[in-house]
Amino acid sequence: MVGAYSICAWLQSALDGLGVETRVQTAIDMQKVAEPYIRRRAVRHLERGRVVIFGAGTGNPFFTTDTAAALRAAEIDAHVFLKATKVAAQLVPLLHS
């Protein structure tokens, strides 16, 4: 989960460098570096024009970070859900061996 947060921190830093106001929210307690995930707070940030980055999964075992991202998008009634990964690219060589 900490690895998933590090990607959020990198994305937040990149967006901040472009002048985009961002907030990172996580399901696990990381108060020094991110806000706790609270749906109403996330929606409020979006209403104020901020980008909200959800990270570090759902805080529950057996759920992938991909599942968490889709869940959060549904919970805030997102119009767009963006996800980037190299998982498919890493599986291609395994399928052909």
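Taken together, the values in this text are just the output of simple stated rules run on the coordinates, not laboratory data. Bear in mind that the values here come from a model prediction, so they are computed numbers and not experimental data. Quick reminder, even Gly has a Cβ in these numbers, built from the backbone with ideal geometry, and neighbours come from all protein chains shown.
In whole angstrom, how long is each semi-axis of the equivalent ellipsoid of region 1-81, when you take the square root of 5 times every eigenvalue of its Cα gyration tensor and sort them from largest down?
Equivalent ellipsoid semi-axes, largest first: 18, 16, 11 Å.
Please work out how much length the chain gains when fully extended from Glu75 to Phe63, using 0.36 nm per residue of separation minus the C-alpha to C-alpha distance, in nm with one decimal.
Gain on stretching Glu75 to Phe63: 2.7 nm.
Please arrange Arg48, Arg72, Arg41 by counting, for each residue, the other beta carbons lying within 10 Å of its beta carbon, fewest first.
Fewest to most other Cβ atoms nearby, the residues stand as Arg48, Arg41, Arg72.
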